[in-house]
Amino acid sequence: MKLGCCYYPEHWPEDIWADDARRMAEMGLSLVRIGEFAWSRIEPQPGKFEWDWLDRAIETLADAGLKIILGTPTATPPKWLVDQMPDMVAIDEQGRARGFGSRRHYCFSHMGYRAESRRITAAMAERYGAHPAVTMWQTDNEYGCHDTVLSYSKAAAERFREWLAARYCDVDALNAAWGNVFWSMEYRTFAEVDPPHLTVTEANPAHWLDYRRFASDEVASFNLEQTEILRAATPNRDITHNFMGFFTEFDHYDISQDLDVATWDSYPLGFLEQFWFSEGEKRDFLRQGHPDIAAFHHDLYRGCTGGRWGVMEQQPGPVNWARFNPAPLPGMVVLWTLEAMAHGAEFTSYFRWRQAPFAQEQMHAGLLRPDSEEAPAADEVREAARVIAEIGPQETTQAPVALVFSYEAAWVCGIQPQGKSFRYLELVYEHYSALRRAGLDVDIVSPAADLTDYQMVVIPTLPIVPDGFEEKLAVLECPVLIGPRSGSKTGSFCIPGNLAPGTLQELFALKVTRTESIRDGVSEPGQGFNITRWREDIASDLEPEFADADGCGVVYKQGGRRYVSIWPDRALLDQLVARMASEAGVALTALPEGLRTRRSASHIFAFNYSSTPVVWPETGEEIAPAGYAIARRA
């Protein structure tokens, strides 16, 4: 695995570039990402390119032996371009323009901006596509950051109508699919359909789902325009995009079809603070991040591009954008780096080389302080580089468990949660954590993935079951776990005529007759577990495998397949994982709190996210807080 950093030569005096490059190489870095926010310096006036500074920056870095990941600068269109096309900006759900003055101020559907995106991408590809130091391209930066996937602009409305016409062909088919007879919502032509916002009360959920599908397709087609240009001009260079954490606003599997390498931006402390984790977890893992945050995304994005992935931005210190921004425990930067290696990363790049003393991210730490002295993470990078060189290249192998992840499922649960605390990402993450607590490696895969060689398959929820998916499950000989709400909607967001779980009733002799959500703070007793958030009433002649305190079934097993009709708590998940593993002949390891493991083809890695020492059952050795251990596999 290679190491790198994110560098902004346009932020610094040119007379320090060479020393920066020398210090990067001395630290063990070999990759540098540049250019993704530099449009105003590349083209300060319309059509007037100033390449000289970027030419010199690339040569300076190359002279130090560094390879370059070059970003297309389309995440930050310059002011002159916004002034030329003021309608290119996105419009938010309240009808307000997302204006100039930060970043990501464009609408994916604006054809004028798309032309400009293609033009600047082509200019950069022509200039640098053959440069021997440029090893990879990054398209744009963090698609969708700051809630910019969904736009309600005039351009988006027009493109949405075209998308609907292509999907349904006839407006009567749209009316029937959406159930628009309800509340007299029927349309006479596609031209009458607007985006689903600014309605008196909630818009039709089918309308919302199609708008999310459309918006995701817009991101994919925008990205494809850039990748086609880059491949034509630089056929031997990899292309990536840097995805984000806990982000489901577009279908990453679709975008990844046009990438060589999926990368993501890893900020474990920021994500712990910003998402659903309990106050106890935020306290206990304050300076480490929850033990499964980084690994979850490593496994998710590894599954997007057939195994090729990396970390484009790794947190090296306090960030600037969370509610609270603590510093990592000493050792965590090494741990995060080696954990990425254990999960198969091709590289880890730290954000950023030097902390900026100005603008929005001036409180975001780097490998250097603003005065160019080393920040605490610098020595940890050297330590990570030493260990990487010592143990050699790592290869991943297929995990025993497949966890099925669906972006469409996330949209369905977000559009109609039915309970305030029913969060798709959290439900999936809890299943993933249960598997990891048991010492299991996990592949996160799309519903389209081949599942035949896995020893266990876990599907936390899949409200819309893709065509043929039930047949794919029917031929599996391994244990399969399917969670609540699965099969509860048709592709047009309606309740199936045979009720939930819809087509999955071919696998289970059961029917969901009623669903209810349970308010936060309320729980109902089960047999060794508690029922919270969600439960379904089941009609079935099957004997329940697990039931509530009154004997009403909540888990049903038919053959090797289980249906879970509640939001499973940690106790129930642990029992289900244990039973499935026993049936599959998969060995489990009871790991101490905060300890996680990952196996490569040649080594097994252990990482202690706890704030106290723990003993690794594999070897009996004690691992310090924020520490790691590595053993060669037998």
Could you give me the residue pairs with C-beta distances under 7 Å whose first residue belongs to the range 13-35 and is closer than 30 Å to T74 by Cβ, whose second residue is among the β-branched types (V, I, T) and open to solvent by 10 Å² or more (accessible area, probe 1.4 Å) wherever it lies, and which are 6+ apart or on separate chains? W17/T60; A18/T60; A21/T60
Mind listing whichever residues of the range 615-627 are surrounded by 20 or more Cβ atoms within 10 Å (Cβ to Cβ) and over 20 Å from E380 (Cβ atoms)? W616
Give the residue, chosen from S40, S30, that is out of contact with any helix residue (DSSP H, G or I) (no Cβ under 6 Å at 6 or more places or on another chain) and either of a type in the set (A, V, I, L, M) or under 30 Å from D379 (Cβ atoms) (or both). S30
Being open to solvent by less than 30 Å² (accessible area, probe 1.4 Å), more than 20 Å from A571 (Cα to Cα) and either in contact with a Pro (Cβ under 8 Å, 6 or more places away or on another chain) or among the basic types (K, R) (or both) is the filter here; which residues of the range 585-608 pass it? R598, F607, N608
Selection count where residues are under 27 Å from G560 (Cβ atoms) and either in contact (Cβ under 8 Å) with a residue 24 or more places away in the chain or assigned to a loop (DSSP other than H, G, I, E, B) (or both), scope the range 492-530: 22
How about the range 166-219: which of its residues are over 22 Å from I91 (Cβ atoms), without any contact (Cβ under 8 Å) to a residue 40 or more places away in the chain and among the charged types (D, E, K, R)? D170, D172, E186, R188
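Yes/no per residue for (1) assigned to a helix (DSSP H, G or I); (2) touching a Phe, Trp or Tyr at 6+ places or on another chain (Cβ under 6 Å); (3) among the charged types (D, E, K, R):
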residue	(1), (2), (3)
W17	yes, no, no
A21	yes, no, no
M24	yes, no, no
L29	no, no, no
V32	no, yes, no
R41	yes, no, yes
W53	yes, no, no
How many residues does the range 610-626 hold that are farther than 15 Å from E593 by Cβ and of a type in the set (D, E)? 2
For the range 234-249, which residues satisfy the criterion of being more than 15 Å from the chain's Cα centre (by Cα), at pLDDT 95 or above and open to solvent by 10 Å² or more (accessible area, probe 1.4 Å)? R237, D238
Out of all the residues in the range 467-491, which are acidic (D, E), more than 27 Å from the chain's Cα centre (by Cα) and assigned to a loop (DSSP other than H, G, I, E, B)? E477
For the range 532-550, pairs from a residue that is without any contact (Cβ under 8 Å) to a residue 24 or more places away in the chain to a residue that is open to solvent by 50 Å² or more (accessible area, probe 1.4 Å) and in a loop (DSSP other than H, G, I, E, B), with Cβ under 8 Å and 6 or more apart or across chains, are P544/C552; A547/Q527
Of the residues that make up the range 305-313, is at least one over 17 Å from D441 (Cβ atoms), open to solvent by 10 Å² or more (accessible area, probe 1.4 Å), part of a helix (DSSP H, G or I) and in contact (Cβ under 8 Å) with a residue 12 or more places away in the chain? no
Take the range 284-306 and flag every residue that is at pLDDT 95 or above and on the phi > 0 side of the Ramachandran plot. G289
Helices (runs of 4 or more DSSP H) fully within the range 66-184 counting 1 or more residues that are hydroxyl-bearing (S, T, Y), modelled with pLDDT of 95 or more and farther than 29 Å from A359 by Cα: 154-168
Evaluate the following for T461: is it buried (at least 18 other Cβ atoms within 10 Å of the Cβ), at pLDDT 95 or above and either part of a strand (DSSP E or B) or of a type in the set (D, E, K, R) (or both)? no
Subset of the range 177-200 (residues that are out of contact with any helix residue (DSSP H, G or I) (no Cβ under 8 Å at 6 or more places or on another chain) and open to solvent by 80 Å² or more (accessible area, probe 1.4 Å)): F182, W183, S184, L198, V200
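The values are calculated or read from the model by the stated rules, or taken from the named source; none is laboratory data. Computed from a predicted model, the values in this text were never measured in an experiment. For neighbour counting, all protein chains shown are included, and Cβ atoms are generated from backbone atoms with ideal geometry for every residue, glycine included. We work out accessible area using only protein heavy atoms, side chains counted, and drop any ligands, DNA or RNA first. Shrake-Rupley method; radii C 1.70, N 1.55, O 1.52, S 1.80 Å.
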